[in-house]
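Structure first, then comments.
The values are calculated or read from the model by the stated rules, or taken from the named source; none is laboratory data. This is a predicted model, so every value here is computed, not measured. In this analysis, Cβ positions are derived from the backbone assuming ideal geometry, glycine residues included, and neighbour counts consider all displayed protein chains. Just the protein is used for accessible areas: all its heavy atoms, side chains included, with ligands, DNA and RNA removed. Shrake-Rupley method; radii C 1.70, N 1.55, O 1.52, S 1.80 Å.
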Amino acid sequence: MTREMLGLTGVLVMLGAGWGATQPLAKVATSTGYQPLGLVFWQLVIAVLCLGGVTLIRGLRLPTDAYALRMYAVVALIGTVIPNSASYYAITKLPSGLISILLALVPMFAFPMALALGTDRFSMLRLLGLSLGLAGVLLIVAPEASLPDPSMVAFIPVALIAPLLYALEGNVVAKWAGGIGPIQLLFGSSLIGVVIAAPLAGFSGQVVVPQGLTPPDMAVVASGVVHAIVYTTYVWLVGRAGAVFAVQVSYLVTGFGIVWAMTFLGERYSGWVWAAVPLMFTGLFLVQPRPRVTA
């Protein structure tokens, strides 16, 4: 493994650790009845403050042409507003660790999308790696004994909305957002996202009014800050190593999400989960960055 590839893999691990923490944080944030769209609104507000500060300090210019505005709107919708709303709802019905596990499906959705868009080339080894990851997820979801309550299966389709849209977003960014820097892209999309989420939260009665330094409020703030940092880095990684490699972060999100949920929420899982983990990490090992790395 070259030094550059080792560095990219290190970034991937850090993203996985950070993103994996957002699922337990979301579980805490929804524990007192905070609603999805209201939480998404505050998540975006925090992202605007964080990314706006970075943009100001670095003296970056935020593109405001029609093309950039369309990209901001698309990324806001498929990268935050819709998938995060679905995840916040699903996590009120499903264990935090299970949500993290289902995020490992992102590469399964991303691979055919990347082929269709021409952003990556077909590889049997890569297909094998992605297939092993999928087999690991199915091993967890399919057996009835893997879920604490069999009725939870009804909410799995809601939880699958996020990985589907994250996969689409990764490919959209790789294909069309190359002319916009990652910080500007996420700052712009967060601004648009606030404009979209605010009226949706208001009209649906899902406005969240912070109560102070309560655990749910602190979880919202922590999740927003982590989201801003890892999301910006993720967009950079997509441009650097390709969408198919970058979405492998979902495997690490799964691993770290399970660990954080066990550590902070006391969740425990069946033997099916532990049988699936080696399959998923073998799949990650087999999927390597594309040979050409852009500067």
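Sequentially through segment 158-164, phi angles give Karplus couplings (6.51, -1.76, 1.60; θ = phi - 60°) of 5, 5, 7, 4, 4, x, 4 Hz, Gly and Pro residues having no value and appearing as x.
Taking the centroid of alpha carbons for each part, segment 176-251 and segment 138-157 are 28 Å apart. Largest first, the residues Glu267, Glu144, Glu169 sort by 1.4 Å accessible area into Glu144, Glu267, Glu169. Remark: segment 12-18, residue by residue, has Karplus-estimated 3J(HN,Hα) of 4, 5, 5, 4, x, 5, x Hz, where x stands for each Gly or Pro and the curve is 6.51 cos²θ - 1.76 cosθ + 1.60 at θ = phi - 60°. Charge dipole of the chain (Cα centre as origin; +1 on each Lys and Arg Cβ, -1 on each Asp and Glu Cβ, all else neutral): 640 debye, rounded to the nearest 20.
At most 14 other C-beta atoms within 10 Å and a DSSP loop state: those are the exposed trypsin sites (Lys or Arg not before Pro) I care about. Give me the longest piece of the chain that has none. Maximal segment without exposed cleavage sites: 122-267. Within the accessible area of the chain, the carbon and sulfur atoms contribute 72%, probe 1.4 Å, all protein chains present. Positive-end ranking of Val194, Pro216, Ala167 along the dipole of the chain, with charges on Cβ about the Cα centre, is headed by Ala167. Here the scattering of segment 13-101 is modelled by Debye summation over its C-alpha atoms, one equal scatterer each and no solvent; at q = 0.15, 0.18, 0.23 Å⁻¹ the log10 of I(q)/I(0) is -0.70, -0.92, -1.20. Expressed as a fraction of 2.2 N^0.38 Å, the C-alpha radius of gyration for segment 143-278 is 1.25. Please say if segment 53-157 is rounded, prolate or oblate, where rounded means a/c under 1.5 for a ≥ b ≥ c the square roots of the C-alpha gyration tensor eigenvalues, and otherwise the choice is prolate for a/b larger than b/c and oblate otherwise? Taking the square roots of the gyration eigenvalues as a ≥ b ≥ c, segment 53-157 is oblate.
Counting only protein heavy atoms and using a 1.4 Å probe, the accessible area of Tyr72 comes to about 0 Å². Sorted from greatest to least, the principal axis extents spanned by the alpha carbons of segment 125-223 come out as 41, 40, 26 Å.
Using θ = phi - 60° in the Karplus curve 6.51 cos²θ - 1.76 cosθ + 1.60, the 3J(HN,Hα) couplings for segment 258-267 round to 5, 5, 5, 5, 5, 6, 9, 10, x, 6 Hz; x is entered for Gly and Pro. Rolling a 1.4 Å probe across all protein chains gives Val209 an accessible area of roughly 90 Å². Once the 1.4 Å probe is applied to the protein heavy atoms, segment 128-226 comes out at 45 Å² accessible per residue.
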